[in-house]
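Visitor: Dropping a structure here in structure tokens format, bear with me for questions.
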Amino acid sequence: MKMRIAFADHVFTATLYDSPPARDLWSMLPLDLEIDNYANNEKIAYLPRKLTEEGSGSFSNEAPGDLCYYAPWGNLAFFYAGYRYSAGLIRLGRLDGGVEPLLTRGKFPLRIERLS
């Protein structure tokens, strides 16, 4: 499941893992959201509804480029710098290229749609 993600002047792709929460996100596409900075390591976007948490659990090997869902707040988290797993964080997939687009500071309209 490959997604096209666009905001500001950036267009990039991400690949979702085959998991119930990732398939739930896939079922919602296309989405028009808003992306904004959070902390110093991620950009976030709030979904219109919560995703299923079925099959989720702790994970390791956290890395920049991870696409996650933070269940308590109902938002996507696009990590561009190091982070640590915390309860409620569900890894959905990975960005296919570098994290450079996520380094653009500010709040922007965000479009996420299916590619394949």
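Laboratory data are not the source of any read-out in this text; all were calculated from the coordinates shown. The model shown is predicted, which means the values in this text are computed figures rather than measured ones.
Visitor: 222 nm [θ] for the chain, helices only, -39500 (n - 2.57) per DSSP H run of 4+, per residue, to 500?
Guide: -2000 deg cm²/dmol, from helical runs alone.
Visitor: Under 5 Å between amide hydrogens, which residues at least 5 positions from L110 or on another chain qualify, with H placed 1.01 Å from N in the peptide plane?
Guide: L33, E34, I35
Visitor: (1) 25, 18, 11; (2) 19, 16, 13; (3) 27, 23, 11: which one is semi-axes √(5λ) of the Cα gyration tensor in Å as calculated from this entry?
Guide: (2)
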